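The values are calculated or read from the model by the stated rules, or taken from the named source; none is laboratory data. Computed from a predicted model, the values in this text were never measured in an experiment. Note: ideal-geometry Cβ built from the backbone for every residue, glycine included; neighbour counts use all protein chains shown. What goes into the accessible areas is simple: the full protein's heavy atoms, side chains included, and nothing from ligands, DNA or RNA. Shrake-Rupley method; radii C 1.70, N 1.55, O 1.52, S 1.80 Å.
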Amino acid sequence: MTHSIEIKELKLSFGAVTVLEDLNLQVGQGEFLVLLGSSGCGKSTLLNCIAGLLDITDGEIHIQGRNVTWEEPSQRGIGMVFQSYALYPQMTVEGNLTFGLKNARVPKDEIAKRIARAAEVLQIEPLLKRKPGALSGGQRQRVAIGRALVRDVDVFLFDEPLSNLDAKLRADLRVEIKRLHQTLKNTMIYVTHDQVEAMTLADRIAIMKGGQIMQLAPPSEIYNRPVNKYVAGFIGSPAMNFMEGQLDSTAQRFDTGRGLDFSVQGYEFASAPTSGPVWLGLRPEHIQSGRWAEGQPVQLEALVDMVEPMGSDTQVWAKVNGQDLRFRMDGQEAVAIGDRMPIGFDPARLSLFDKTTEKRL
Amino acid sequence: MSATEITTATRNASAVAPRGAKPKNPFAPRNIMLYGTLIIFSIYYLLPLYVMLVTSLKGMAEIRVGNVFSPPVEITFQPWVKAWSEACTGINCDGLSRGFWNSVRILIPSLILSVSVAALTGYVLACWRFKGSEIFFGILLLGAFIPYQVLLYPLVIILRELGLFGSLWGLVLVHTVFAMPINVLLFRNYFVALPEELFKAARVDGAGFWGIFFRIVVPMSLPIFVVSGIIQVTGIWNDFLFGVVYTRPENYPMTVQLNNIVNSVQGVKEYNVNMAATLLTGLVPLVVYFFSGRLFVRGIAAGAVKG
Ligand SMILES: Nc1ncnc2c1ncn2[C@@H]1O[C@H](COP(=O)(O)OP(=O)(O)OP(=O)(O)O)[C@@H](O)[C@H]1O
Ligand SMILES: [Mg+2]
């Protein structure tokens, strides 16, 4: 049994609308998988299919080696945490935690043991007798996690658990979830549209678009080697710079055709190098400027258009031979609109995508 | 004295400087309209009640000579006693009490049955959608627009075939059926507004159809149960038509009994007894409103906000 969750050729339609089609996914034991994608791409739908809350149209779902395609949510060995917490308002925290266990007719002493453990792990012991209405957002989400925890299951499903919380609390709970995963070593599937959550928590990230998984890979690979232009533009903040242009016949030089051309020697092609029309992607944080531009394989001159100081660093919008380019520089460096400054970068950090298929070259 | 102190001093001196709560004008046109309307409508509804009350406390002699609005000179409860236990219909002379107990025996099962069936139907329509559930709901709502008169006779036949015609249970069934459209609408709309993720969470927690209903939905829906309950209590208690049509004289509800007492033509018209009888009949809905009016308003408002 190598996979914790295995999804085969999953299809889900709401009437005439097909949301998921021919989706295959394997999640390893103890893996933390993040589903990331823009709103409406089918993340929650996929999670609900795994949980059994939606009846799928076609395909199979296996959890811990068991085909659970036709099983009820409660029999699938999963725990789920929702965005809106979904705590039962008229029950105490303890009632919320024990509800599922009582339904499953778990013996009393066993229930007590599990509650005690969950309460300790999540530090909600003092809250057990309170109603959810008397808790703060962070405490509620902790109770919601506790409700999944006491079920003693192998798989946790999170549907944007932190998006109702304020920024600081979100950061705190993010760390707690990561710690929880390290302690429990359960398989976790976590839906979010927050990049930072995805990058920090995930063992692997699945980038979804229109009901399909665009790329499934560890965070660093998603960041450094996005498989297509969509993924490249989606990951990273500020977003990647894209330039339209042409690779020459040797596939060594890039030319926008509007007065900007440079060598891309050093770029690692995913397959055999090809020439022709391409999109070139360059992350703002991979562009060096000022004196750090010296020694970079590619060197250009930029005319500063606009400046956004952020304290730790400064975002610069510039024009390079008629091409818009955004880059970051040290927040301590002085820069003003209209300045000319040298910039440079390493072609090894570029991304090249085919113009028509938008796939990585 | 520094410059700032001077300005503070001047500000305190002039009382008209705008500061704090804005003064209100009690005689603004808006208030006159609002309270004027309220007062007129209160008089419109309370005056008849007042006349009934004072008349029911007067003796016949006093009624004959006096003004209807004048308070009783000599208060007597005799009319109330008579209305309750001695007033005559064409058939018997044991007053309203018989009708009261009949009404209670009709009300309780009808109330329980109609509210619980409506709640369950609303629950299914809101939380366990099935193919065609929206159409089903549409048809159910259509029922609210069909005039009772149209259904009266077909229902007689149906009850006869079921062997329930003339019995209390036949009437209970009729009340339950006629309660469906409005009450299902109430419950469904209330349940639809409950957060969907709660149902999902409950399903993951292994609660089934009944578990979710009784453990999650019902405890969260007290206001709408109260609203539905009040609508049913008043509706069933005030019903006259179904009572006359579907039961036999020994099972007539209080309203029918009241009618028979008031309309029986034997000797003089005893206005005081009639008034007392009418007040007695209206007492139950009145009491229900007094004690749960606040919850009623809250339930209606909650339903409105959640849409
Ligand atoms: N009951 C439904 N009937 C029809 N279409 C639906 C239904 N539920 C969801 N959809 C559609 O399915 C698509 C995917 O929805 P889903 O909720 O999975 O998106 P999501 O990725 O979770 O988005 P978000 O990040 O906003 O939560 C959407 O386009 C949505 O309109
Ligand atoms: Mg979602």
Tell me which residues, restricted to segment A:324-361, are surrounded by 20 or more Cβ atoms within 10 Å (Cβ to Cβ) and among the hydroxyl-bearing types (Ser, Thr, Tyr). A:SER351
State all residues of segment B:181-196 that are open to solvent by 40 Å² or more (accessible area, probe 1.4 Å) and within 14 Å of chain A (Cβ to nearest Cβ); if no residue qualifies, say none. B:PRO195, B:GLU196
Could you figure out which of (1) away from chain B (no Cβ under 14 Å); (2) among the polar types (S, T, N, Q); (3) open to solvent by less than 80 Å² (accessible area, probe 1.4 Å); (4) more than 16 Å from ligand 1 (Cβ to nearest atom) isn't true of A:THR2? (3)
I'm trying to understand the selection: among the residues of segment A:59-93, which are within 16 Å of ligand 1 (Cβ to nearest atom) and open to solvent by 40 Å² or more (accessible area, probe 1.4 Å)? A:GLN83, A:SER84
How about segment A:53-74: which of its residues are within 8 Å of another protein chain (Cβ to nearest Cβ) and either within 15 Å of A:VAL153 (Cα to Cα) or out of contact with any Pro (no Cβ under 8 Å at 6 or more places or on another chain) (or both)? A:GLU72, A:PRO73, A:SER74
Do we have A:GLY79 as small (Gly, Ala, Ser), more than 10 Å from every other protein chain (Cβ to nearest Cβ) and under 27 Å from the mean Cα position of the chain (by Cα) here? no
Can you name every residue in segment B:197-245 that is open to solvent by 30 Å² or more (accessible area, probe 1.4 Å), within 7 Å of another protein chain (Cβ to nearest Cβ) and of a type in the set (A, V, I, L, M)? B:MET220
Could you count how many residues in segment A:77-133 are over 22 Å from A:ARG170 (Cβ atoms) and in contact (Cβ under 8 Å) with a residue 60 or more places away in the chain? 2
Being in a loop (DSSP other than H, G, I, E, B) and open to solvent by less than 60 Å² (accessible area, probe 1.4 Å) is the filter; apply it to segment B:249-269 and report the residue that is farthest from B:GLY90 (Cα to Cα). B:PRO253
Looking at segment A:154-188, which of its residues are within 16 Å of ligand 1 (Cβ to nearest atom) and within 14 Å of another protein chain (Cβ to nearest Cβ)? A:LEU157, A:PHE158, A:ASP159, A:GLU160, A:PRO161, A:SER163, A:ASN164
List every residue pair whose Cβ atoms sit under 9 Å apart, with the two residues 6 or more apart in sequence or on different chains, where the first one lies in segment A:33-44 and is free of Cβ contacts under 8 Å to residues at least 40 places away in the same chain and the second, anywhere, is more than 7 Å from ligand 1 (Cβ to nearest atom). A:GLY40/A:GLY210
Could you give every pair whose Cβ atoms fall below 7 Å, whose first residue belongs to segment B:150-168 and is without any contact (Cβ under 8 Å) to a residue 40 or more places away in the chain, and whose second residue is surrounded by 12 or more Cβ atoms within 10 Å (Cβ to Cβ) and among the small types (Gly, Ala, Ser), counting only separations of at least 6 or pairs across chains? B:LEU164/B:GLY170
Any chance B:PHE178 is away from every other protein chain (no Cβ under 14 Å), touching a residue at least 12 places away in the same chain (Cβ under 8 Å) and either assigned to a helix (DSSP H, G or I) or not basic (Lys, Arg) (or both): yes
Pull up segment B:52-94, narrow it to residues that are within 23 Å of B:LEU241 (Cβ to Cβ) and of a type outside the set (A, V, I, L, M), then point me to the one that is surrounded by the most Cβ atoms within 10 Å (Cβ to Cβ). B:THR89
One residue is enough: does segment A:26-38 have a residue meeting the conditions more than 9 Å from chain B (Cβ to nearest Cβ), at pLDDT below 95, surrounded by fewer than 20 Cβ atoms within 10 Å (Cβ to Cβ) and within 13 Å of ligand 2 (Cβ to nearest atom)? yes
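Condition check: open to solvent by less than 30 Å² (accessible area, probe 1.4 Å) and closer than 30 Å to A:GLY77 by Cβ. Does A:VAL191 satisfy that?
It is true that A:VAL191 is open to solvent by less than 30 Å² (accessible area, probe 1.4 Å) and closer than 30 Å to A:GLY77 by Cβ.
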Any chance segment A:311-320 includes a residue that's in contact (Cβ under 8 Å) with a residue 40 or more places away in the chain and surrounded by 14 or more Cβ atoms within 10 Å (Cβ to Cβ)? yes
